[in-house]
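Enquirer: Quick one: this structure, given as structure tokens, is what I'll be asking you about.
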Amino acid sequence: MPIAIFDLDGTITYRDTLFPLVLRQLARRPWNLLRLLLVVPATLRYLFDHDRGALKQSLLRATLRGISRNELAAASTEFVRDTIEHRCFGDALASIRRHREAGHHLVLMSASVDFYVPEFGRQLGFDQVISTGVAWNGDRLDGTLTTPNRRGAEKARCLRALIAERRDSEVFAYGNSASDLPHLAVARHGLLVNGSLSARRAADDRGIATADWI
């Protein structure tokens, strides 16, 4: 069975999904927006070390740490439903539908975190979800990352492991940024969608096709 693997942020959705979800949750109790100030030191560190995983972990621990599993699940379900309805590329949804109708094994692989990415997978009809893991303290979110940030070379590693597990080399892969090129290069049919000019040039150098989705 061929594999069709999709990135989430900027490939299916118009833009990043984690920060909008965090903002929506904080805005339910506006005074909690002050927690964003706690992320400033991590943001400044990111300017030097470019460690997106560390920045993500700091954001989650500063803003959502302590939230209950049930509350976060309900907020995630609502957020995902709204995003699919209003902030997804029609071409992306059509491509997912074509692969599903062809009987391909659909995989959603995202650097975003596992308390809401699986809900995108469920609502969009994916068979499998690979995303960045986040720790819980009992029923309360801790926010510490439990896996490497599923981005760049880590995505390529996950895809190679998936191919080896399923023993299938017929792989379609979709991503939107330069950081997706490593795993797009692993796939037999990699496609960079809506990439920046520099990402498109890098894709051309690797022999990866490009396209514009609306």
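Enquirer: Under a GNM of the chain (C-alpha, springs under 10 Å), which listed residue has the highest mean-square fluctuation: Ala74, Ala203, Ala156?
Expert: Between Ala74, Ala203, Ala156, it is Ala74 that shows the largest mean-square fluctuation.
Enquirer: Considering only DSSP states other than H, G, I, E and B, which trypsin sites (Lys or Arg not before Pro) in region 146-214 qualify as loop sites with at most 13 other Cβ atoms within 10 Å?
Expert: Numbers: sites: Arg150, Arg151, Lys155, Arg157, Arg160, Arg166, Arg167, Arg188, Arg200, Arg201, Arg206; in loops: Arg150, Arg151, Arg167, Arg188.
Answer by residue number: Arg167, Arg188.
Enquirer: While we're looking at this one, here's another question. Test of the criteria: in region 1-101, which trypsin sites (Lys or Arg not before Pro) are in a DSSP loop and have at most 16 other Cβ atoms within 10 angstrom of their Cβ? Don't jump to the answer; show the numbers that get you there.
Expert: Working: sites: Arg15, Arg24, Arg28, Arg35, Arg45, Arg52, Lys56, Arg61, Arg65, Arg69, Arg81, Arg87, Arg97, Arg98, Arg100; in loops: Arg15, Arg28, Arg65, Arg87.
Here the sparse-neighbourhood loop sites are Arg15, Arg28, Arg65, Arg87.
Enquirer: Right, next: Running a GNM on the chain with Cα contacts under 10 Å, which residue among Gly133, Gly53, Gly103 ends up with the highest mean-square fluctuation?
Expert: Gly103
Enquirer: Please state the charge dipole magnitude for the chain, taken about the Cα centre, from unit charges on C-beta atoms (+1 on K and R, -1 on D and E), reported in debye and rounded to the nearest 20. Before the final figure, lay out each step's value.
Expert: Details: 29 positive and 24 negative charges, 83 e Å.
For this selection, approximately 400 debye.
Enquirer: Taking 1 over the mean of 1/r across every pair of different Cα atoms in the chain, what Kirkwood radius in Å do you get? Show your work: numbers first, answer last.
Expert: Details: mean 1/r = 0.0561 Å⁻¹.
Every distinct Cα pair counted, the radius reaches 17.8 Å.
Each value in this text was obtained by applying a stated rule to the coordinates, not by laboratory testing. Everything quoted here is computed from the prediction, not taken from an experiment. Please note: Cβ atoms are built from the backbone with ideal geometry, for glycine as well, and neighbour counts cover all protein chains shown.
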